[in-house]
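One structure below.
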Amino acid sequence: MSARLNALEIPTVGKFVKHIASAGKVLHDSSLPAATANMVTLRASQINGCGFCTDMHFKDAVAAGEDTVRLNLVAAWREATVFTEAERAALDLTEAGTRIADAAGGVPDDVWENAAKHYDEEQLGALVSLIALINAFNRMNVIVQQPAGSYRPGQFA
């Protein structure tokens, strides 16, 4: 499959992507643990069916030293025993925030309260922002059918 359009060659889209990618840099530099950020971006990408982002975030996490067993179990995090309670809370918030349209009331209070037990306000803000950002990237890539498997670690560094 090839992409429906080369978004980065379109000036307006290229500028847009550059700006939202800079938001990603801000979040990368936040106090949210990198391992948590890796799990969040991978899980949201899986839920949204974004093969390009799932591939990219898996490869980037491996390049950053993340254990492949943990990465392979992200989709089954509720049953897996390899995640901390804080990571589990972040994954739960990721799923609730990614599946907002499926829940009439949005993110349930208990999901938010559990995340708030593990992360301070700075980290919670970064976590919420990261969930919003990865969902935006996932939607763009799914709409234009960006092909999975074409990402190389460091490609957008």
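Residues considered: Gly65, Gly51, Gly97, Gly24. Of these, the only one that is of a type outside the set (D, E, K, R) and on the phi > 0 side of the Ramachandran plot is Gly65. State whether the residues of segment 125-147 include one that is farther than 26 Å from Lys59 by Cα and either surrounded by 13 or more Cβ atoms within 10 Å (Cβ to Cβ) or without any contact (Cβ under 8 Å) to a residue 60 or more places away in the chain (or both). No, the conditions are met nowhere in segment 125-147. Filtering segment 97-105 for residues that are crowded, with 18+ Cβ neighbours inside 10 Å, of a type outside the set (Ser, Thr, Tyr) and in contact (Cβ under 8 Å) with a residue 24 or more places away in the chain leaves a non-empty set.
Inspection of segment 65-85 finds a residue satisfying the criterion of being over 15 Å from Leu130 (Cα atoms), more than 16 Å from the chain's Cα centre (by Cα) and in contact (Cβ under 8 Å) with a residue 40 or more places away in the chain. The set of residues in segment 26-48 that are in a loop (DSSP other than H, G, I, E, B), open to solvent by 30 Å² or more (accessible area, probe 1.4 Å) and modelled with pLDDT of 95 or more comprises Ser31, Pro33, Asn48.
The residues on offer are Ala80, Ala104, and the sole one that is modelled with pLDDT of 95 or more, outside any helix (DSSP H, G or I) and not aromatic (Phe, Trp, Tyr) is Ala80. Might you check whether a residue that is in a loop (DSSP other than H, G, I, E, B), of a type outside the set (S, T, N, Q) and under 28 Å from Ser22 (Cβ atoms) occurs anywhere in segment 124-138? There is no residue in segment 124-138 that is in a loop (DSSP other than H, G, I, E, B), of a type outside the set (S, T, N, Q) and under 28 Å from Ser22 (Cβ atoms). Count of segment 56-86 residues, restricted to those that are in contact with a Phe, Trp or Tyr (Cβ under 8 Å, 6 or more places away or on another chain) and open to solvent by less than 20 Å² (accessible area, probe 1.4 Å), is 3.
The values are calculated or read from the model by the stated rules, or taken from the named source; none is laboratory data. Just so we're clear, the structure is a prediction, and the values are computed from it rather than from any experiment. Cβ: placed from backbone, ideal geometry, glycine included. Neighbour counts: every protein chain shown. Only protein heavy atoms, including side chains, enter the accessible area calculation; ligands, DNA and RNA are left aside. Shrake-Rupley method; radii C 1.70, N 1.55, O 1.52, S 1.80 Å.
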